[in-house]
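Structure record follows, encoded as structure tokens.
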Ligand SMILES: Cc1cc2nc3c(=O)[nH]c(=O)nc-3n(C[C@H](O)[C@H](O)[C@H](O)COP(=O)(O)OP(=O)(O)OC[C@H]3O[C@@H](n4cnc5c(N)ncnc54)[C@H](O)[C@@H]3O)c2cc1C
Ligand SMILES: [Zn+2]
């Protein structure tokens, strides 16, 4: 089915009774050319680009629950390319460019909204660091503007500017950043991949690997054995579990991150705002809810729910930055399991086992990476070589010392 | 500031820097994690209490705590 303004008009005449499921819920076949484990954003994007860019359509995406039931449907939907380090910035800028063409590419409305992302600074040193990061972004072709307090005031006048302890000294603004509707991104990639013949298999948990002569040649699942010469894993917070089945370990810890949404209010926050003196960031959805979050809880977890100390922490951050939201009621909160890597940056590489490829280590920032992650992972699986913008995301960088540590905190995932 | 601070997997042992495989051993010790979905032995610091390091057995799937002891076996209190 192709979506267009015209198809919406025609359906309206028919009281919208004619809409069909946008992608095919497939039963697994005995074998494929490529299997992708994990029906989150990254797995589905990989399948789409394998089919579209590399012409490999005999592909299955194997998902243990329903697609988007993991972090893809739990994140706070922020997209941006405001990184400092060379290994990262080119990659995230590729992702931003793919976001800009995504809806036309997959023929699906993902509500990509370039409303901007504003990082606030509260000290002179922080402003210097922002100037440096902004320059790095511009050198990589991204957009960045260093705002003074007046510039920030014009954009978001309702902040706590003259706080005695954390006055707002300015901000780094990326106008092309913003948000996208996360589940529409999942459905959009599923739609486009399915149209090209990719099988999307749900309620199918991978429980082991089939091996021949040291390489993996298939997977064991709750719905039987499925063979393939190439298998990619894109299972985010479950990376450790799946790697264990294949017999290797990763530089990854699984941690829980919570998100929050308030009751709907009238339009108030026109961009994405991040606090620089605490752990808090916020935007407003098109439905009116304030969507916000903060730090990971900070201990290993597979529970998909967090604890109250972090809730308190996040709300304190919000109150100190934006006292006006104190009267708004919280509607919902939830948690997702992050694949926290030891340097805070991702891994897109061959695994130690022949035939198996790893896509992992996205920490709390993999939603914005969804298009480029799928693009580069598909390139690796199809050609055997890393895509030129993802060459830094090697698995062996932890041994060679080429870690990409944006925050410079070392191998402490709960501090990233 | 919370009452307890988390350090991580209690399995960490500093490898012998003189060992012939010291490089691999350090990479393993610093970066590689078992990261189990289930019982995890981990270190917590009781910063706003007795200021001892604790070894806690906790289920990472449920957050249920199955026991704790002083990380330093010589601590008795
Ligand atoms: C609360 C929260 C807020 C966030 N906010 C942002 C943000 O604002 N911006 C941003 O860029 N990023 C954000 N992130 C991070 C981002 O959501 C993730 O990095 C990204 O979604 C991970 O990639 P994915 O979509 O493929 O993961 P997932 O959607 O988790 O996909 C992995 C899939 O693998 C499946 N799976 C696991 N094990 C198996 C198995 N054995 N067999 C079959 N299937 C299996 C899972 O069910 C899951 O569907 C946030 C995350 C959370 C939790
Ligand atoms: Zn104590």
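Residues considered: A:290, A:331. Of these, the only one that is free of Cβ contacts under 8 Å to residues at least 40 places away in the same chain and over 16 Å from the mean Cα position of the chain (by Cα) is A:290. Among the residues here, residue B:61 qualifies as within 16 Å of ligand 1 (Cβ to nearest atom), on the phi < 0 side of the Ramachandran plot and surrounded by 12 or more Cβ atoms within 10 Å (Cβ to Cβ). When every residue of segment B:11-32 is checked against the conditions, none turns out to be within 16 Å of ligand 1 (Cβ to nearest atom) and either touching a residue at least 24 places away in the same chain (Cβ under 8 Å) or surrounded by 12 or more Cβ atoms within 10 Å (Cβ to Cβ) (or both).
Identify, by number, the condition in (1) closer than 30 Å to residue A:396 by Cβ; (2) at the interface with chain A (Cβ under 10 Å from one of its Cβ atoms); (3) in a loop (DSSP other than H, G, I, E, B) that residue B:7 doesn't meet. The single condition residue B:7 does not satisfy is (3).
Pick from segment B:57-77 the residues that are in a loop (DSSP other than H, G, I, E, B) and within 15 Å of ligand 2 (Cβ to nearest atom): which of them is nearest to residue A:306 (Cα to Cα)? Applying the filter and picking the extreme gives B:71. If you go through segment A:13-46 and pick out every residue that is within 13 Å of ligand 1 (Cβ to nearest atom) and part of a loop (DSSP other than H, G, I, E, B), you end up with 4.
Please find, among A:398, A:377, A:367, the residue that is assigned to a loop (DSSP other than H, G, I, E, B) and either touching a helix residue (DSSP H, G or I) at 6+ places or on another chain (Cβ under 8 Å) or touching a residue at least 24 places away in the same chain (Cβ under 8 Å) (or both). Let's see the steps before the verdict.
On the way: A:398 fails: assigned to a loop (DSSP other than H, G, I, E, B); A:377 fails: assigned to a loop (DSSP other than H, G, I, E, B).
Going through A:398, A:377, A:367 in turn, just one is assigned to a loop (DSSP other than H, G, I, E, B) and either touching a helix residue (DSSP H, G or I) at 6+ places or on another chain (Cβ under 8 Å) or touching a residue at least 24 places away in the same chain (Cβ under 8 Å) (or both): A:367.
Condition check ((1) more than 16 Å from ligand 1 (Cβ to nearest atom); (2) farther than 28 Å from residue A:144 by Cα) across all residues:
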{"site": "A:4", "(1), (2)": "yes, yes"}
{"site": "A:11", "(1), (2)": "yes, yes"}
{"site": "A:48", "(1), (2)": "no, yes"}
{"site": "A:72", "(1), (2)": "no, no"}
{"site": "A:76", "(1), (2)": "no, no"}
{"site": "A:80", "(1), (2)": "no, no"}
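Looking at segment A:261-271, is at least one residue within 14 Å of another protein chain (Cβ to nearest Cβ) and crowded, with 19+ Cβ neighbours inside 10 Å? Quick ask: steps written out before the conclusion?
So in segment A:261-271, the residues within 14 Å of another protein chain (Cβ to nearest Cβ) come out as none.
No, every residue in segment A:261-271 fails to be within 14 Å of another protein chain (Cβ to nearest Cβ) and crowded, with 19+ Cβ neighbours inside 10 Å.
Yes or no, residue by residue, for (1) in contact (Cβ under 8 Å) with a residue 24 or more places away in the chain; (2) more than 19 Å from the chain's Cα centre (by Cα):
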residue: A:163; (1), (2): yes, yes
residue: A:183; (1), (2): yes, no
residue: A:201; (1), (2): yes, yes
residue: A:210; (1), (2): no, yes
residue: A:250; (1), (2): yes, yes
residue: A:263; (1), (2): yes, yes
residue: A:273; (1), (2): yes, no
residue: A:277; (1), (2): yes, yes
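Pairs meeting the criteria (first residue in segment A:228-244 and more than 14 Å from every other protein chain (Cβ to nearest Cβ) and more than 20 Å from residue A:67 (Cα to Cα), second residue part of a helix (DSSP H, G or I) and more than 16 Å from ligand 2 (Cβ to nearest atom), beta carbons under 7 Å, at least 6 apart or on different chains) are A:230/A:381. Within segment B:11-40, the set of residues being at the interface with chain A (Cβ under 10 Å from one of its Cβ atoms), touching a helix residue (DSSP H, G or I) at 6+ places or on another chain (Cβ under 7 Å) and part of a loop (DSSP other than H, G, I, E, B) comprises B:35, B:37. For segment A:358-389, the candidate set comprises residues that are surrounded by 24 or more Cβ atoms within 10 Å (Cβ to Cβ) and within 23 Å of residue B:27 (Cα to Cα); within that set, the residue that is farthest from the other protein chains (Cβ to nearest Cβ) is A:359. Scan segment A:305-322 for residues that are within 13 Å of chain B (Cβ to nearest Cβ) and in contact (Cβ under 8 Å) with a residue 60 or more places away in the chain and the total you get is 0. If you filter segment B:41-56 down to residues that are more than 11 Å from chain A (Cβ to nearest Cβ) and closer than 26 Å to residue A:302 by Cβ, you find that the one that is farthest from ligand 2 (Cβ to nearest atom) is B:55.
A short reminder: the numbers here are calculations on the coordinates, not readings from a lab. On a predicted model such as this, the values are computed, not experimentally measured, just so you know. Virtual Cβ from ideal backbone geometry, glycine too; neighbours counted across all protein chains shown.
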